[in-house]
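Colleague: I have a structure I would like to understand better, so I am pasting it below and will then ask my questions one at a time.
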């Protein structure tokens, strides 16, 4: 091992890029290795015909404006010095339910706290008092999370009890329980629960503190996308890492974590061995501990932790390039949530297998980025989730027919319930199943939401247990498997946090 690095980062997804930039900026000799020939992981792009598609992005939260930046914009622009042209998403979401009879919903909700509350009052007269209480509680949750974040997982219980009492009272409860405690009208609860699929957990299991923080960030800072797709941001991060002295090896597979006497000594790659005592992994712990390390070097406690956790939802995406504009097709909104109902328990249960009406989060990218496709065209993506490995059970000879069937179902439901025709205008179509995601990212079963963030394994619990979660010295996880969980915004922040923890490890070891 002729080449020695202070840290080796495995995987150039959002978390890996962020971690490598943080390490390089701190003056550490850093190597980032990536099996693909492009940076970004899911935050990349691919081309079919004359269309360039986003693999997964719907939007980023906590970006904000240049005048009032959120944590993500601060991190990317101020901390890393990376310039990106951001475009705002026009509205929060359009929510449609299709199997609730006279109670079916078709509502469009705006960004902005007062605008959102006002629109909710319009749809649900009498909801304003409970919505105002909800926002106040969100602000208190945000203050408490900020304190916990600054504490590095060492929050003082006395400070929490004195200054963040409401956080302690409700932070560990489910979303549904807090909504009921606020005496929020049922219809308002249904509308406010629309974002549940962004976490992939029903509101009876979804941690209120996490959901409150996410909704509040969306309402106060809106949602944003890079003008030149996620690849613009990933390529800019690549350039910045190099300018800071970091190295990046593409087309390079991490094959083995090398150890001696139970300690990390290096990484075996497809292009040779490199020496390091610190590995930051932007990949699945299942892959790293199960495939890249000798089992004698994986403590039983680490194995138990992995087995105790549940994989998050597996992703299925249909990408469409249409030879008509959004206006010509009648696509008036950017983001559509289409559910059978907004009983999130039932919806989550339906995601355990195949059904006639898959829930969907669908985007028309041109509504936020008019120039994202050739003139006279538009781009759409349809995403649904599966909680179990149903795609792993499909026989190979039936695989293509099954993915076409699900795509047809989603397009049919969208056409019927939005009231548009898109199928005759499909010029390009690509379908990615959980099998695609597994092959592309090595995530087990194609779980693009990493580990499920529910019950005992919430973001709050992970942030409070940063020290205890590092079972194998010298190994930390960024990306969706990091303490701030999954999602584009979270994974950038995960990378920085994990790198800072690694720098602290080095300092503690006198290095």
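Colleague: If you scan the stretch 372-387, which residues turn out to be in contact (Cβ under 8 Å) with a residue 40 or more places away in the chain and assigned to a loop (DSSP other than H, G, I, E, B)?
Modeller: Scanning the stretch 372-387 gives 372, 373, 374, 376, 377, 387.
Colleague: I've got another one for you. In the stretch 468-487, how many residues are under 20 Å from residue 454 (Cβ atoms) and either crowded, with 24+ Cβ neighbours inside 10 Å or within 22 Å of the chain's Cα centre (by Cα) (or both)?
Modeller: Going through the stretch 468-487 one residue at a time, the tally reaches 11.
Colleague: Looking only at the stretch 291-305, which residues are in contact (Cβ under 8 Å) with a residue 12 or more places away in the chain and either out of contact with any helix residue (DSSP H, G or I) (no Cβ under 8 Å at 6 or more places or on another chain) or within 17 Å of residue 388 (Cα to Cα) (or both)?
Modeller: Once the filter is applied, which keeps residues that are in contact (Cβ under 8 Å) with a residue 12 or more places away in the chain and either out of contact with any helix residue (DSSP H, G or I) (no Cβ under 8 Å at 6 or more places or on another chain) or within 17 Å of residue 388 (Cα to Cα) (or both), the stretch 291-305 yields 292, 293, 294, 297, 299, 301.
Colleague: Considering only residues of the stretch 396-432 that are farther than 26 Å from residue 95 by Cβ and buried (at least 17 other Cβ atoms within 10 Å of the Cβ), which is nearest to the chain's Cα centre (by Cα)?
Modeller: 430
Colleague: Now, a different point. Could you grab me the full set of residues in the stretch 237-276 that are buried (at least 20 other Cβ atoms within 10 Å of the Cβ) and part of a helix (DSSP H, G or I)?
Modeller: 237, 238, 240, 241, listed by residue number.
Colleague: State all residues of the stretch 488-505 that are more than 22 Å from the chain's Cα centre (by Cα) and at pLDDT below 95; if no residue qualifies, say none.
Modeller: 504, 505
Colleague: In the stretch 344-363, which residues are surrounded by fewer than 22 Cβ atoms within 10 Å (Cβ to Cβ) and either in a strand (DSSP E or B) or outside the structural domain of residue 431 (by TED's automatic domain parsing) (or both)?
Modeller: Within the stretch 344-363, just 361 meets the criteria.
Colleague: Now for a different question. For the stretch 32-63, give me each residue that is surrounded by fewer than 24 Cβ atoms within 10 Å (Cβ to Cβ) and either outside the structural domain of residue 481 (by TED's automatic domain parsing) or over 29 Å from residue 375 (Cα atoms) (or both).
Modeller: Residues satisfying the conditions are 35, 36, 37.
Colleague: Which residue pairs have Cβ atoms closer than 6 Å, lie 6 or more positions apart in sequence or on different chains, and pair a first residue in the stretch 141-152 that is assigned by TED's automatic domain parsing to the domain that holds residue 500 with a second residue that is in a helix (DSSP H, G or I)?
Modeller: Between residues of the stretch 141-152 that are assigned by TED's automatic domain parsing to the domain that holds residue 500 and residues that are in a helix (DSSP H, G or I), there is no close pair.
Colleague: Go through the stretch 11-59 and count every residue that is outside any helix (DSSP H, G or I) and closer than 30 Å to residue 266 by Cβ.
Modeller: The qualifying residues number 22.
Colleague: Among the numbered conditions (1) modelled with pLDDT under 95; (2) in contact with a strand residue (DSSP E or B) (Cβ under 8 Å, 6 or more places away or on another chain); (3) over 30 Å from residue 209 (Cβ atoms), tell me where residue 442 comes up short.
Modeller: Tallying (1) modelled with pLDDT under 95; (2) in contact with a strand residue (DSSP E or B) (Cβ under 8 Å, 6 or more places away or on another chain); (3) over 30 Å from residue 209 (Cβ atoms), residue 442 fails exactly one: (2).
Colleague: So residue 510 ticks every box in (1) free of Cβ contacts under 8 Å to residues at least 40 places away in the same chain; (2) crowded, with 21+ Cβ neighbours inside 10 Å; (3) in a loop (DSSP other than H, G, I, E, B) but one. Which box is left unticked?
Modeller: The failed condition is (2).
Colleague: Also, I was wondering about something else. Within the stretch 294-324, how many residues are loosely packed, with under 13 Cβ neighbours inside 10 Å and either under 20 Å from the mean Cα position of the chain (by Cα) or assigned to a helix (DSSP H, G or I) (or both)?
Modeller: So the answer is 7.
Colleague: Let me ask you something else. If residue 100 satisfies every condition in (1) out of contact with any strand residue (DSSP E or B) (no Cβ under 8 Å at 6 or more places or on another chain); (2) more than 16 Å from residue 188 (Cβ to Cβ) but one, which is the exception?
Modeller: It fails just one condition, (2).
The values are calculated or read from the model by the stated rules, or taken from the named source; none is laboratory data. Just so you know, these numbers come straight off a predicted model, no measurement behind them. Quick reminder, even Gly has a Cβ in these numbers, built from the backbone with ideal geometry, and neighbours come from all protein chains shown.
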